Amino acid sequence: GNNSSLSHKQKIRLEQLKDECIILDKNGSGIRQLIESEFQTKNIYLSSFSNIIEIDEPDLIKDLVINNVGIGFFYLSSIQNELRNNELKLIEINDIELKQEFNLIASIDNFVRGRYNKIAEEMISYSREELYK
């Protein structure tokens, strides 16, 4: 939420998260695996954080973060409305890069007929924008 102790910052270091309450999806979620993998490349493990809450429901995680219970990690596409409404604030972590590969898969017939060309073009355009931020 916007009242977190980190909400006034644009960028932070990973170490600054260690004293924060971190709200995560339970084991197995894509974002959880991405976070754990990136943290491990820096020799940091979730067990080194002082306060972690694990929840199965992504919408509940979002509600808890909005209500300043802790901080969370989300796919940008899942929080666009909350960012636009100033319910959440994006804070960049300087020393990690959370990127994930996505693939659009469909039958060749659908591509030949042009059904997914626009979606593929938008994904490529978005990826380029993110790459050069």
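Among the chymotrypsin sites (Phe, Trp or Tyr not before Pro) within segment 10-89, which fall in a DSSP loop and have no more than 14 other Cβ atoms within 10 Å of their own Cβ?
Values: sites: F39, Y45, F49, F73, F74, Y75; in loops: Y45, F49, F73, F74, Y75.
Here the sparse-neighbourhood loop sites are Y45, Y75.
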Amide H neighbours of I22 under 5 Å, counting only residues 5+ apart in sequence or on other chains, H built in-plane at 1.01 Å? N51, I52, I53, I71
Modelled label-to-label distance, S29 and L46, 7 Å Cα→beta-carbon offset: nm? 1.0 nm
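Values quoted throughout were computed directly from the atomic coordinates according to the rules given, and no laboratory measurement underlies them. Only a predicted model underlies this, so the values are computations on that prediction, with no experimental measurement involved. Note: ideal-geometry Cβ built from the backbone for every residue, glycine included; neighbour counts use all protein chains shown.
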